[in-house]
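Input: a single structure, listed below in structure tokens.
Any read-out appearing in this document is the output of simple, stated calculations on the displayed coordinates, not a laboratory observation. On a predicted model such as this, the values are computed, not experimentally measured, just so you know. Cβ placement follows ideal geometry from the backbone for every residue including glycine, while neighbour counts extend to all protein chains displayed.
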Amino acid sequence: MSSKKTLLILAGGLGSRYKGLKQVDGILGNGSPILEYSIFDALEAGFRKVVIIVNRLIPQSYIERLNTISETKGFELHWVYQEIDSIRMYDLDYPERKKPWGTAHAVLCAKDAVQEPFVMINADDFYGKEAYPLAAEEIEHHHITDSRFGMAAYPVSTTLSGNGTVARGICTLDPENYLVKVEEQTSIQRVNNSIIYTENGNPIEIAPDTLVSMNFFIFHPVIFSALETYFHDFIKSGPLPNQEFYIPSAVQRMISEKRVKVMVKASPSQWMGVTYADDKKNIKDFLTSEIQKNRYPENLWN
């Protein structure tokens with residue numbers, strides 16, 4: 001198995017709430033979208049291979065831009081397209097399906113491009129500079145195995161949007177900080193001084209320091225065989241046209257089946273995200289401040 005540290009970026013979503021292709025939307029005047037800041041941070045932490053899951057709407061001009069950056073900076077770059085039929089199942093047909101099957105399906109699409117332990121992130125989430133050395137250490141010390149994964153988690157209070165509800169995987173940990181349960185909630189928001197989500201029509205309050213999964217996982221490639229099985233089960237269950245196959249749900253099933261343990265570490269970094277178009281100003285202000293503190297160059301690649 002290769003010892004090369006790999007970053008897998010999920011950039012195949014369609015951004016329906018954002019009203020645009022946020023994966024490649026530049027934040028500052030340098031034209032770099034959030035995923036380039038993630039690549040920059042990962043390179044600083046010793047990652048040398050990047051795999052990006054994309055959809056067919058990604059402009060060729062952006063692919064060429066990042067290809068040039070990879071050649072200049074000397075890291076390996078692979079593009080993988082996530083499409084409805086990326087994972088073939090000849091006995092099933094979903095003509096009404098309009099978008100790909102979700103984050104776990106996106107990871108599965110990378111099975112031929114990744115043969116080593118890897119970090120998985122979302123393209124439109126800024127995870128912070130300190131998260132990547134934490135992940136690199138887990139890989140370098142051989143803590144990521146076919147029976148142990150890792151995850152960087154964030155306090156829910158630092159992951160909300162002022163512009164609408166968000167989806168988060170709420171974590172329950174055992175005394176040794178292994179993940180017991182991760183539950184995907186899709187309607188989390190701040191209401192007055194409380195953080196709530198809705199379940200069966202009822203508001204449920206959660207503590208501000210509750211750790212949530214922001215899809216920053218450290219996986220062993222054994223994940224791919226599990227995802228293949230789970231995806232077939234998901235399809236055979238007859239999902240609704242808009243139902244998605246989520247990576248936290250797949251990880252939860254692996255834990256429940258005692259196939260793997262997941263060590264959770266609270267990230268010391270500031271998380272920032274762009275769920276809605278109006279969230280862009282917050283991350284723009286944040287990155288401007290980081291540049292002023294000399295944590296990033298004004299132009300990432302010059």
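Tabulated data for the structure shown
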{"item": "Using θ = phi - 60° and Karplus 6.51 cos²θ - 1.76 cosθ + 1.60, couplings along region 158-171 (whole Hz; Gly, Pro as x)", "result": "8, 10, 8, 10, x, 10, x, 6, 10, 9, 9, x, 7, 9"}
{"item": "Residue order, fewest to most beta carbons within 10 Å, for 144, 283", "result": "283, 144"}
{"item": "Linear extension gain, residue 64 paired with residue 113, 0.36 nm per residue minus alpha-carbon span", "result": "15.7 nm"}
{"item": "Derived scalar couplings ³J(HN,Hα) [region 297-302; Karplus, 6.51 cos²θ - 1.76 cosθ + 1.60; whole Hz; x for Gly, Pro]", "result": "x, 4, 10, 4, 10, 9"}
{"item": "Partner lysines for residue 265 [C-alpha distance under 18 Å; skip if fewer than 8 residues away on the same chain]", "result": "129, 181"}
{"item": "Gained length - residue 277 relative to residue 146, 0.36 nm times residue gap less alpha-carbon distance", "result": "43.3 nm"}
{"item": "Rounded if a/c under 1.5, otherwise prolate or oblate - region 159-302, Cα gyration tensor axes", "result": "prolate"}
{"item": "³J(HN,Hα), Karplus 6.51/-1.76/1.60, whole Hz, each residue of region 188-193, x for Gly, Pro", "result": "7, 7, 8, 10, 6, 9"}
{"item": "Residue order, fewest to most beta carbons within 10 Å, for 166, 251", "result": "166, 251"}
